[in-house]
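Asker: This structure is in structure tokens; I'll ask about it shortly.
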Amino acid sequence: MSESKKLFIKTYGCQMNVYDSERMAEALGGQGYVETQSADDADMILLNTCHIREKAAEKVYSELGRFKGLKAEKPDLKIGVAGCVAQAEGEEIMRRQPLVDLVVGPQSYHRLPEMEAKTRTGAKALDTDFPEEDKFEKLKNRPKAKRGPTAFLTVQEGCDKFCAFCVVPYTRGAEVSRPADRIIREAQDLVDRGVREITLLGQNVNAYHGAGPNGDITLASLIWELNKVDGLERIRFTTSHPNDMADDLIEAHGTCDKLMPYLHLPVQSGSDRILKRMNRSHTAESYLRLIERIRAARPDIVMSGDFIVGFPEETEEDFQATMDLVEQVKYGYAYSFKYSTRPGTPAAERAQVDPDAADDRLQRLQALITRHQREIQDSMVGRTVRVLFEKTGRLEGQMVGKSEYLHSVHVKARGIEVGDLREVRITDSGANSLAGELLSFGD
Ligand code: 5AD
Ligand code: SF4
């Protein structure tokens with residue numbers, strides 16, 4: 001048997017890319033690759049790219065340029081580009097950067113083993129198809145090795161919403177849901193390998209409508225099926241669209257014990273005029289009513305969201321409407337971005353907002369979000385939460401995990417293992433995390 005080759009994967013962007021990188025590493029594992037944390041000793045470097053914001057392609061080209069020296073020293077080194085920039089740029093990547101051997105889109109990475117073999121003959125390999133076959137079916141035999149207590153699991157991919165700023169419908173393609181039985185099987189396998197918390201992933205995860213035993217089932221039904229998996233303790237899902245927040249899913253937040261009280265529900269703007277121009281097909285009011293219903297089902301739920309400021313034609317008044325919405329919702333977490341043009345999307349053609357005004361709005365929004373975030377985090381002091389421990393902390397004897405609400409919690413105590421789920425009383429709130437003391441001695 002030949003000596004193992006080393007694979008270095010650098011992952012950008014969303015959680016789905018993290019999941020995809022894991023699957024790509026597994027696929028190449030069959031070709032004798034083991035992962036390395038350093039590009040310097042790699043036989044293959046794979047950049048798993050993101051195209052969602054800010055000059056994504058340019059960043060990838062400059063990153064690739066940095067591998068020139070390595071490739072000169074090691075002519076057998078193979079360099080690949082995967083993910084959404086690969087999908088969007090395709091062959092252009094090889095034209096602009098000849099040191100690239102392989103370009104693979106997010107829907108074709110099950111073909112990586114053949115593609116890698118092709119590059120070993122000195123040829124280039126390109127695949128940005130949206131193939132008929134299901135990549136997950138081709139990659140269904142996942143390794144059995146033990147792993148950490150949390151995992152991502154893609155249940156749905158692509159998006160049919162076509163928000164006017166977003167490249168996802170073009171790079172990830174149309175909305176496709178995986179069949180429920182395959183997801184349950186994959187979840188069971190993950191649990192057998194030590195996983196206790198699964199985050200279900202999809203660009204539009206709450207639009208999930210995969211094949212169930214008697215026709216298509218909803219995300220809520222899938223969650224109820226997963227709720228039955230012994231050893232699985234926690235279920236999360238991301239990212240959702242307000243219009244797909246069905247009644248059964250809202251209800252599940254109040255009744256399904258393994259579903260965690262945290263919901264990422266991007267609104268993007270608080271101005272109806274801008275929401276319309278974004279093609280969001282909901283209003284600020286309908287979003288606020290929705291949150292009321294979710295909070296009625298699960299009063300302690302922590303909300304999270306995404307915002308774009310400086311969307312074309314956004315006025316100060318529109319921006320104020322966003323600030324008002326944030327005041328009303330009070331997010332525990334929120335991610336805000338300055339609008340950046342994505343060529344090929346409808347908003348790219350419109351009148352752009354003055355960049356200084358957009359910067360100023362971003363700062364004001366982020367200051368407000370940070371204040372709320374901190375208030376919500378501070379309000380945890382004195383409460384008892386359940387923490388799933390994920391790793392050792394920086395201090396001696398310290399362990400770090402996540403509460404139900406996704407806050408990081410540090411605990412100094414003997415006998416806590418990675419993967420333990422324990423009751424912790426919160427004693428202190430710091431800049432980005434909580435500290436607490438152990439209450440229970442087992443789970
Ligand atoms: N400019 C700025 N932010 C964007 N997002 C998506 N496209 C753009 C863009 N062109 C943000 C949205 C989305 C998050 C993942 O990224 O807020 O919810
Ligand atoms: Fe992009 Fe999300 Fe809108 Fe789909 S719903 S187009 S993924 S922002």
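Asker: Does S271 satisfy the condition of being among the hydroxyl-bearing types (S, T, Y), closer than 26 Å to A357 by Cα, open to solvent by less than 60 Å² (accessible area, probe 1.4 Å) and within 16 Å of ligand 2 (Cβ to nearest atom)?
Answerer: It is false that S271 is among the hydroxyl-bearing types (S, T, Y), closer than 26 Å to A357 by Cα, open to solvent by less than 60 Å² (accessible area, probe 1.4 Å) and within 16 Å of ligand 2 (Cβ to nearest atom).
Asker: Taking I184 and the conditions (1) open to solvent by 40 Å² or more (accessible area, probe 1.4 Å); (2) modelled with pLDDT under 95, which numbered condition does it fall short on, given that it satisfies the others?
Answerer: So I184 meets the others, but not (2).
Asker: Determine whether the stretch 143-152 contains at least one residue that is on the phi > 0 side of the Ramachandran plot and touching a Lys or Arg at 6+ places or on another chain (Cβ under 9 Å).
Answerer: no
Asker: Collect the residues in the stretch 187-209 that are in contact with a Leu (Cβ under 8 Å, 6 or more places away or on another chain), closer than 18 Å to L232 by Cβ and of a type outside the set (V, I, T), keeping them in residue-number order.
Answerer: A187, L190, R196, E197, L200, L201, Y208, listed by residue number.
Asker: Could you name every one of the helices (runs of 4 or more DSSP H) located completely within the stretch 1-114 that has at least 2 residues being surrounded by 17 or more Cβ atoms within 10 Å (Cβ to Cβ) and touching a helix residue (DSSP H, G or I) at 6+ places or on another chain (Cβ under 8 Å)?
Answerer: In the stretch 1-114, the matching helices (runs of 4 or more DSSP H) lie at 15-29, 56-65, 83-89.
Asker: Shifting gears a bit: Looking at the stretch 324-345 only, could you name the residues that are under 10 Å from I369 (Cβ atoms) and surrounded by fewer than 18 Cβ atoms within 10 Å (Cβ to Cβ)?
Answerer: K330, Y335 - these are the residues of the stretch 324-345 that are under 10 Å from I369 (Cβ atoms) and surrounded by fewer than 18 Cβ atoms within 10 Å (Cβ to Cβ).
Asker: Where residues in the stretch 85-103 are among the hydrophobic types (A, V, I, L, M, F, W, C) and out of contact with any Lys or Arg (no Cβ under 7 Å at 6 or more places or on another chain), which of them is modelled with the lowest pLDDT?
Answerer: Of everything passing the filter in the stretch 85-103, A88 is modelled with the lowest pLDDT.
Asker: Pairs needed: first member in the stretch 298-320, under 16 Å from A347 (Cα atoms); second member anywhere, in a loop (DSSP other than H, G, I, E, B) and among the aliphatic types (A, V, I, L, M); C-beta distance under 6 Å; at least 6 residues apart or different chains.
Answerer: So the pair list comes out as G310/V353; P312/A351; E313/A351; E314/V353.
Asker: Taking only the stretch 278-293 into account, find how many residues are free of Cβ contacts under 8 Å to residues at least 40 places away in the same chain and away from ligand 2 (no atom under 16 Å from the Cβ).
Answerer: Qualifying residue count for the region: 4.
Asker: May I pose another question? For the structure I just gave you, tell me whether A348 is surrounded by fewer than 21 Cβ atoms within 10 Å (Cβ to Cβ), within 15 Å of ligand 2 (Cβ to nearest atom) and of a type in the set (A, V, I, L, M).
Answerer: When the stated conditions are applied, A348 passes them.
Asker: Of the conditions (1) among the aliphatic types (A, V, I, L, M); (2) exposed (fewer than 13 other Cβ atoms within 10 Å of the Cβ); (3) not in a helix (DSSP H, G or I), A117 clears all except one; give me its number.
Answerer: Condition (3) is where A117 drops out.
Asker: Please determine whether any residue of the stretch 164-181 is over 22 Å from C50 (Cβ atoms), free of Cβ contacts under 8 Å to residues at least 60 places away in the same chain and open to solvent by 40 Å² or more (accessible area, probe 1.4 Å).
Answerer: Among the residues of the stretch 164-181, at least one is over 22 Å from C50 (Cβ atoms), free of Cβ contacts under 8 Å to residues at least 60 places away in the same chain and open to solvent by 40 Å² or more (accessible area, probe 1.4 Å), which makes the answer yes.
Asker: Having 2 or more residues that are within 23 Å of C166 (Cβ to Cβ) is the bar; report the helices (runs of 4 or more DSSP H) wholly within the stretch 219-281 that clear it.
Answerer: 272-277
Asker: Let me ask something else. Could you tell me whether I198 is touching a helix residue (DSSP H, G or I) at 6+ places or on another chain (Cβ under 7 Å), at pLDDT 95 or above, more than 9 Å from ligand 2 (Cβ to nearest atom) and open to solvent by 10 Å² or more (accessible area, probe 1.4 Å)?
Answerer: Judged against the criteria, I198 is not a match.
Asker: Can you confirm whether the stretch 298-312 contains a residue that is modelled with pLDDT of 95 or more, in a helix (DSSP H, G or I) and either open to solvent by 70 Å² or more (accessible area, probe 1.4 Å) or within 15 Å of ligand 2 (Cβ to nearest atom) (or both)?
Answerer: Looking through the stretch 298-312, none of the residues is modelled with pLDDT of 95 or more, in a helix (DSSP H, G or I) and either open to solvent by 70 Å² or more (accessible area, probe 1.4 Å) or within 15 Å of ligand 2 (Cβ to nearest atom) (or both).
Asker: N206 is checked against (1) within 20 Å of the chain's Cα centre (by Cα); (2) outside any helix (DSSP H, G or I); (3) within 16 Å of ligand 2 (Cβ to nearest atom) and fails just one. What number does that condition carry?
Answerer: Status for N206: all satisfied but (2).
Asker: Considering each of G254, G210 in turn, give the residue that is more than 22 Å from L362 (Cα to Cα), away from ligand 1 (no atom under 15 Å from the Cβ) and open to solvent by 10 Å² or more (accessible area, probe 1.4 Å).
Answerer: After ruling out the rest, the residue left standing is G254.
Asker: Suppose we filter the stretch 343-380 for residues that are outside any helix (DSSP H, G or I) and at pLDDT 95 or above; how many remain?
Answerer: Of the residues in that region, 4 qualify.
Asker: Do you know which residues across the stretch 257-268 are open to solvent by 10 Å² or more (accessible area, probe 1.4 Å) and not aromatic (F, W, Y)?
Answerer: Passing the criteria: D257, K258, M260, H264, Q268.
The values are calculated or read from the model by the stated rules, or taken from the named source; none is laboratory data. Source: prediction; values computed, not measured. Here Cβ is always computed from backbone atoms with ideal geometry, including for glycine, and neighbour counts include all displayed protein chains. Note: accessible area is taken over every heavy atom of the protein model, side chains too, but ligands, DNA and RNA are not part of it. Shrake-Rupley method; radii C 1.70, N 1.55, O 1.52, S 1.80 Å.
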